[in-house]
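Notes follow once the structure below has been shown.
Please treat every number below as a calculation from the coordinates, not as lab data. All of these numbers come straight from a predicted model, not from anything done at the bench. In this analysis, Cβ positions are derived from the backbone assuming ideal geometry, glycine residues included, and neighbour counts consider all displayed protein chains.
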Amino acid sequence: MKFVLDVLQAYRGAKHRWRLFLSVHVSLRLLAFALIAPLLGVLVNLAVSFSSQPALTDQDIALFILSPIGFVLSLVVLSIVLVAEVTGFAVMAASLRYEQSNRWQTARVALLAVVQKLYTLAVFIGLLLLRILLLAAPFVAVSWLIAWGLLTEYDINYYLTYHPPAFKLAVALIGVVGLALALVLLQRLSAWALALHLVLFEDQSPQGSFGLSAERMKGHHLKLQLELVVWLALRTALAAGLAFVAGIVIAWMPVGADANMLRVLLLSLLVLLLWVIGDAVLSAIALGALALILDRHFGGAHPPLPDYLQKQPRLRIGLYGAAGVAIVLAGFSMWLGQSLFDAAKAEDNVEIIAHRGAAGSKPENTTAAIEEAIVQGADWVEIDVQESADGRIVVMHDADLMKLAKVNLQIHAAPLDQLQQVDIGSWYDPAYGDQRIPLLSDVLAQVSGRAKLLIEFKHYGFDVDLEGRTVELVEAADMVDDIALMSLKYESVQKAKSLRPDWRAGILAATKVGNLAGLDGDFAAVRAEIATPSLLSSVHAAGKELYVWTVNDPLQMSKMISMGVDGLITDEPGLARDVLRVRAELNTPERMVLWLVEELGLDLNPKEYRDVSP
């Protein structure tokens, strides 16, 4: 087990140099961020410029990434990230080769040595990325073929909900493919382990360094592979331990009517600060340990300091890096506090939108769920609509009935009378065995005068005139002022606005690139995890509203309300009402504590939901 001892020794060596490694690691991370952020902004704007839309969402992003130019731009972004990471590692490796009596002088020398070869390093990283992509491509293709062959017969929600044999087989096969890819990458990366050192310290060309590294590593592959596995396992265990300790503290924090909110706030800030510092130290030590492992395999006597490094001024760059850490941490704390104070409101102004009815209490998209949503006090009831084979507008989320009834019946391929023979409520509870697929016209009549209706268009490639027929039904029910329309498909929103420009319509987005506020529509409905104060500000500045989905935890509800969102899409409208009542009795610091605790990962709703997608 000598390889285990060698890895432990490397971690001990990195721990001994932790001040140097931490200053190098954090300083270069800050520098990388300063360089990458504007470049990413340029790439994002370039991506949007290739679209006729001011923002890209969901399906648009997927299609753009899969397009040739999107793929190239994705590689550019990945290359930039790799340059930042490998440069940091290269500085650590150089600090071991050119170690001085003073750690700050060592940091200066190592950084200057790497800067001198920054262009060569960029070429090396590009070649490394290309080699990895070529290795991974066939494995990715096989995984895609497995998913296509086993997971496309029914709606994807059926597979994700029930995990049928086909799903388990696909997961197992893709897992085997992933494991095979990991083994191949481990074998090749261990062969290329000395390539970076050859470029840095022996002036080898990036093109020839990989082959020369493989030659030098002959007979040492297995030992290095075992060391890399142990190194990664130890790194993962340390990170998990850090997260576990933070989680214990977070779970212990008292959040309630009798709690000292100022004390909880200070403790939360302390936990957050210690977590950030601990993660930075752990990352620096782990990367330094890897540098020590590879330095030992590279071997040879450490060379004298080159003339061009001896002539440089003796800047205390490590000290500046340490100062930078303090500045960043202080800035982060100030930003967090400022954003919490600015966003917290004395009075809440948010609408509660019941996701597929009260889907947390009744079977989704049924008249029972819709009725329950109204009883629980929802301002809006959100439903999904699509067309049946005979052109009727029915309320249903999935493309088929596999998830709700395990019946292989496509919505678009069956007439209404056949669809309504299927029980869509017993999966939730036998008491709802009488529930059938509702018509949009029935739901309009059910909610009329009691709540507003948010209608989402579901497109699976078979609709004929979904938007037009929906418009006709809404007008026939005389509910024009009490409905809103939305879709994940931007063209659907545009069509709805072209049919009825004065009606409320908005775009759904699980991810976004570009100016989401610039899209046509009156509101945007986004996944809660991507909702930020800056996104909210941009949407509001455009005169639009922001809804978030699907929010079922009371702490996340409180956070979203404090942020100032206009609507909560939730499976638990009654719980959202309770949150509003509780918040009405809290002052601003107490609401801030709830936000901060949610940021740290505390979840007060252990209930599991089958489907929280829009």
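Once you sort the root eigenvalues of the Cα gyration tensor of the stretch 351-583 as a ≥ b ≥ c, which label holds: rounded (a/c under 1.5), prolate (a/b larger than b/c) or oblate (the other case)?
Details: a/c = 1.75, a/b = 1.26, b/c = 1.39.
The shape class here is oblate.
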Practice task
Please report, in debye to the nearest 20, how large the charge dipole of the stretch 441-520 is about its Cα centre when each Lys and Arg carries +1 at its beta carbon and each Asp and Glu carries -1 there.
Solution key: 340 debye
Practice task
Arrange the peptides 447-456, 377-386, 9-18 so that the one whose residues have, on average, the most other Cβ atoms within 10 Å appears first.
Solution key: 377-386, 447-456, 9-18
Handout entry: Under the Karplus curve 6.51 cos²θ - 1.76 cosθ + 1.60, θ = phi - 60°, whole-Hz ³J(HN,Hα) for the stretch 214-228, x wherever Gly or Pro sits
Key = 4, 5, 5, 7, 4, x, 10, 4, 4, 4, 5, 4, 5, 5, 5
Exercise for the section: Just tell me which aspartates and glutamates come within less than 18 Å, Cα to Cα, of K15; anything on the same chain fewer than 8 places away is out. Expected result: D6, E99, E227, D279, D295
Practice task
Could you work out, for the stretch 111-225, what percent of all Cα-Cα pairs fall into each 5 Å distance bin, beginning at 0 Å and stopping at the bin that holds the largest distance?
Solution key: 2, 11, 16, 14, 13, 11, 9, 8, 7, 6, 3, 1
Practice task
Using the Karplus curve 6.51 cos²θ - 1.76 cosθ + 1.60 with θ = phi - 60°, work out ³J(HN,Hα) for each residue of the stretch 237-245 in order, rounded to whole Hz, and write x for Gly and Pro.
Solution key: 5, 5, 5, 5, x, 4, 5, 5, 4
Completion exercise
If the chain between L118 and S448 were fully extended at 0.36 nm per residue, the gain over the current Cα-Cα distance would be 112.1 nm
Handout entry: the stretch 351-583 - percent relative contact order, Cα under 8 Å, separation 6 or more
Key = 19 percent
Completion exercise
By the mean-Cβ-within-10 Å protection proxy, highest first, 175-183, 490-498 rank as 490-498, 175-183
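Which pairs in the list K168/K544; K2/K117; K452/K489; K168/K223; K168/K489 are over 32 Å apart, alpha-carbon to alpha-carbon?
Details: K168/K544 43 Å; K2/K117 35 Å; K452/K489 22 Å; K168/K223 35 Å; K168/K489 30 Å.
Beyond 32 Å: K168/K544; K2/K117; K168/K223.
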Problem - Unit charges at the beta carbon, dipole of the stretch 416-458: most positive-side option, Q418, F457, I437 - result: F457
Handout entry: Residues with amide H under 5 Å from that of E545, placed H, sequence gap 5 or more
Key = F523, A524
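For the residues D295, D417, D520, what sequence is obtained by ranking on other C-beta atoms within 10 Å, fewest first? Each step should come with its number before you reach the end.
On the way: D295 21, D417 10, D520 16.
By the 10 Å Cβ count, ascending: D417, D520, D295.
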